[in-house]
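The values are calculated or read from the model by the stated rules, or taken from the named source; none is laboratory data. Note that the structure is a prediction, hence the values are computed from the model and not measured. Backbone-built Cβ (ideal geometry, glycine too); neighbour counts: all protein chains shown.
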Amino acid sequence: MKRDAPPVPPVDRDAPRPWPWWPPARSPEAVAAATAAAQPSSDASFGSVVDGTLDVRHGPVLYLDGITVSFDGFRALNALTLTIDAGELRCVIGPNGAGKTTMMDVITGKTRPDTGTAYFGQTIDLTRLTENQIAHAGIGRKFQKPTIFERHTVFENLELSMKADKRVRKTLFARLSSEERDRIATTLAQIRLTDAADRQAGLLSHGQKQWLEIGMLLMQEPKLLLLDEPVAGMSDDETERTAELFLSLAGTHSLVVVEHDMKFVETIAKKVTVLHEGSVLAEGSLAEVQADPRVVEVYLGR
Ligand SMILES: Nc1ncnc2c1ncn2[C@@H]1O[C@H](COP(=O)(O)OP(=O)(O)O)[C@@H](O)[C@H]1O
Ligand SMILES: [Mg+2]
């Protein structure tokens, strides 16, 4: 039986914030300018790099505050407040139906929140951008089912994903600059597919396909990566290599990883957020949240 959603506390937007970075730089003018700058020109689908507009000087790359999403009166997210620091690797866990995927839908613009604030850096208001604009602004999302081009080679898949100006690069077979080749080579090494560069992507193992899709995201130079159950279906060896990949990406990227595999979470997590009924139930190291009686109840008590 589903419990009634707890009431949403009123949000006082004028109340002082615990974080020093909250209002100062976020004047309405600064927000309007940065949000507008994150909206690429109309013909761009992969191009139009938005650089210099993501403001993370005060730490957080992502700031969600009081986000509520209702489906037919049921609150999938309930006044969700969450902050991710630049360069952080955050794991998000929680029972099925906790709202983890819905949270990613809100961040990527797939779902509009009923109430609440969602900022990318200090100045980009995600609730005012479309899914495409959010992707261009630097948020990459990996879905569970890889969306690779099965009939193309691994190399071509990365090439097709490259964030480049479409006016310059018209076709797959336009000559690549040495810099572009280097970028593809670097990404191939990162995702451990250098030796498979010329293989048809459809012939890769399940885990390799997942890595290729992560590589395709990386070619678009995202600042924030959202990964929903990335090691589901992977072998132990592939899971271990994925942990190494994520650890190598942290620092230069911010990552939000939703995962049920606790061994994997233990390997990569510094800070873990536990979601439950659309809100943050606990936050801390994995050991801390696992020792939290409320978390134990949610996982074992029902
Ligand atoms: N499009 C939708 N329409 C109706 N209910 C939805 C929709 N998306 C999610 N929900 C509900 O919202 C809750 C949270 O779902 P979800 O975010 O997928 O949870 P999680 O990813 O943590 O398992 C669930 O009860 C789910 O059934
Ligand atoms: Mg989910």
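State whether one or more residues within region 118-137 are at pLDDT 95 or above, closer than 30 Å to Lys263 by Cβ and buried (at least 21 other Cβ atoms within 10 Å of the Cβ).
No.
Looking at region 228-269, which of its residues are out of contact with any helix residue (DSSP H, G or I) (no Cβ under 7 Å at 6 or more places or on another chain), in a helix (DSSP H, G or I) and within 16 Å of ligand 1 (Cβ to nearest atom)?
Within region 228-269, just Met262 meets the criteria.
With the condition being within 14 Å of Gly66 (Cα to Cα), I'd like the strands (runs of 3 or more DSSP E) fully within region 76-159 carrying at least 2 qualifying residues. Outline the logic, then answer.
Working: elements: 89-93, 115-120, 139-142.
Those strands (runs of 3 or more DSSP E) span 115-120.
Do the conditions hold for Val265, that is, is it closer than 21 Å to Asn96 by Cα, touching a Ser or Thr at 6+ places or on another chain (Cβ under 9 Å), of a type in the set (A, V, I, L, M, F, W, C) and touching a residue at least 12 places away in the same chain (Cβ under 8 Å)?
So Val265 does not fit the description; no.
Can you tell me which of Gly121, Gly138 is out of contact with any Cys (no Cβ under 7 Å at 6 or more places or on another chain) and more than 18 Å from Ala30 (Cα to Cα)?
Answer to the check: Gly138.
I'm checking my understanding of the structure. Among residues of region 64-82 that are surrounded by fewer than 18 Cβ atoms within 10 Å (Cβ to Cβ) and in contact (Cβ under 8 Å) with a residue 24 or more places away in the chain, which one is farthest from ligand 2 (Cβ to nearest atom)?
Thr81
Search region 98-144 for residues being in contact (Cβ under 8 Å) with a residue 60 or more places away in the chain and within 10 Å of ligand 1 (Cβ to nearest atom), and hand back the single one that is nearest to the chain's Cα centre (by Cα).
Only one residue tops the list, namely Met104.
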